[in-house]
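Reading through the C-alpha cells given below for one structure.
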Amino acid sequence: MDFTYNACRLCPRKCGADRAEGTAKRPVCGASDNIYAARASLHMWEEPCISGNRGSGTVFFSGCPLKCVFCQNKDISHSLHGKRVTAERLCEIFFELKKKGAHNINLVSPTPYIPDIAAALRSARQNGLDLPIVFNSSGYELPEALKLLDGLVDIYLPDFKYMSDELAKKYSLAPDYPKAAMAALEEMVRQRPEPVFNHDGNMLSGVIVRHLVLPGCTDDSRAVIKYLHERYGDSIYISIMSQYTPVGELDRYPELMRKLSGSEYDEVVDYAVELGVTQGFIQDCDSVGESFIPAFDGQGI
C-alpha cells in the first residue's frame, strides 16, 4: 500500500485528509505533512527493562489518531504543539540521545509520521546507530503501515486500551479500536515474536502490551488481560498500569473524575495471576499524579 500525506490513510480511520501544511481542514490526528515533536530526552518512567538505569531516549511526537478524553499528554496529542523537524534532524536527535547514554530510542505517539520515521531510522542505521528502537503507541495502527517498520523497530510497546466497542467510542471516539488493536498487535508480534533481553535485563527485542486500568472499568480490564494471555501467552509481556490521573476537562465523564482505587487495581492484577500471567509488569498505586507527565517544552528538539 502506498501511504501519502495528501490523501492520508495511515491509521485505521483512513480519513483521506490532505495533510499539507496550512490546509484548512485537518485530519483527526491533527498532523500535517511535516513531523512535529515536543520533547526529546532521557526518560526514567517506562517499564524497568526499557528505562534501565540510564533512561530511555524518548522522542514525543505531536498529534494522535485517538482522542482519549483522559489523555495525560493532551497538550501534544490533541494539537501540533511542538517544533517542526525534518527526517534528517530526527536522525540527529537519535544520535544525541545515544550520546547522553540512552539505552534505546523510544518513539512516543509516532503513528501519524510512520513513513518519515522509517526513513529517519534507515538513515540512522546506515550511519551506525546500534540502539534498540522502541515504537511506543496507542495500539491504533494499521498492519499495512506497521509493515513499513519491519526490520527497523526492535521493541513494540503498544497500548491495548479496551475490549469494549462502547467504551472505545465513549472515551476515544473510536468504536473500532478493539478490532484495530487486535490486528495491529498480530503484526507487531509477527515482526518480534519472542522477548529478548541482555545480561543487564534490558529488553533488546519483543513486545510489551500496556493496559491502563480505568476507574469503574475493571470488567473490561479483565477482558483485555484474558484476551492477551490466551492469544499470546509468553510471547509477550503485559504491563498492567495503575497510573490513571484525572486531567483536563472531564465534566461530561464524572466517572473518570477520580483516581483508580487500590482495590480496583488489585482486582485486575489478581485476575492476571489467576489466569497464569507470569511475564508482566505492575505498578505501585502511588504511581499517579501529574508529576509523571513531562514538560513538553521543546527540550532536545
Leading residue by the ranking (nearest to the chain's Cα centre (by Cα)) among those in the range 170-185 that are open to solvent by 70 Å² or more (accessible area, probe 1.4 Å) and either under 21 Å from M241 (Cα atoms) or in contact (Cβ under 8 Å) with a residue 40 or more places away in the chain (or both)
L173
Give just the number: which of (1) crowded, with 18+ Cβ neighbours inside 10 Å; (2) more than 17 Å from the chain's Cα centre (by Cα) does G151 not satisfy?
(1)
So if I check each of E230, E249, which one is open to solvent by 30 Å² or more (accessible area, probe 1.4 Å) and at pLDDT below 95?
E249
Among (1) within 16 Å of L185 (Cβ to Cβ); (2) touching a residue at least 60 places away in the same chain (Cβ under 8 Å); (3) touching a helix residue (DSSP H, G or I) at 6+ places or on another chain (Cβ under 6 Å); (4) open to solvent by 40 Å² or more (accessible area, probe 1.4 Å), E144 falls short only on (3)
Where a residue in the range 219-240 is over 16 Å from I282 (Cα atoms) and its partner, wherever it lies, is of a type in the set (V, I, T) and open to solvent by less than 40 Å² (accessible area, probe 1.4 Å), with Cβ under 7 Å and at least six apart
Y232/V189; S235/V189
Exactly one of (1) farther than 23 Å from L129 by Cα; (2) surrounded by fewer than 22 Cβ atoms within 10 Å (Cβ to Cβ); (3) touching a residue at least 12 places away in the same chain (Cβ under 8 Å) is unmet by V209. Its number?
(2)
Can you tell me how many residues within the range 1-43 are within 19 Å of G139 (Cα to Cα) and polar (S, T, N, Q)?
0
Residues that are outside any loop (DSSP other than H, G, I, E, B) and without any contact (Cβ under 8 Å) to a residue 40 or more places away in the chain, drawn from the range 9-49:
A17
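The values are calculated or read from the model by the stated rules, or taken from the named source; none is laboratory data. These numbers come from a predicted model, not from an experiment. Don't worry about glycine lacking a Cβ; one is built from the backbone with ideal geometry, like all the others, and counts go over all protein chains shown. The area values use the complete protein model at the heavy-atom level, side chains included, leaving out ligands, DNA and RNA. Shrake-Rupley method; radii C 1.70, N 1.55, O 1.52, S 1.80 Å.
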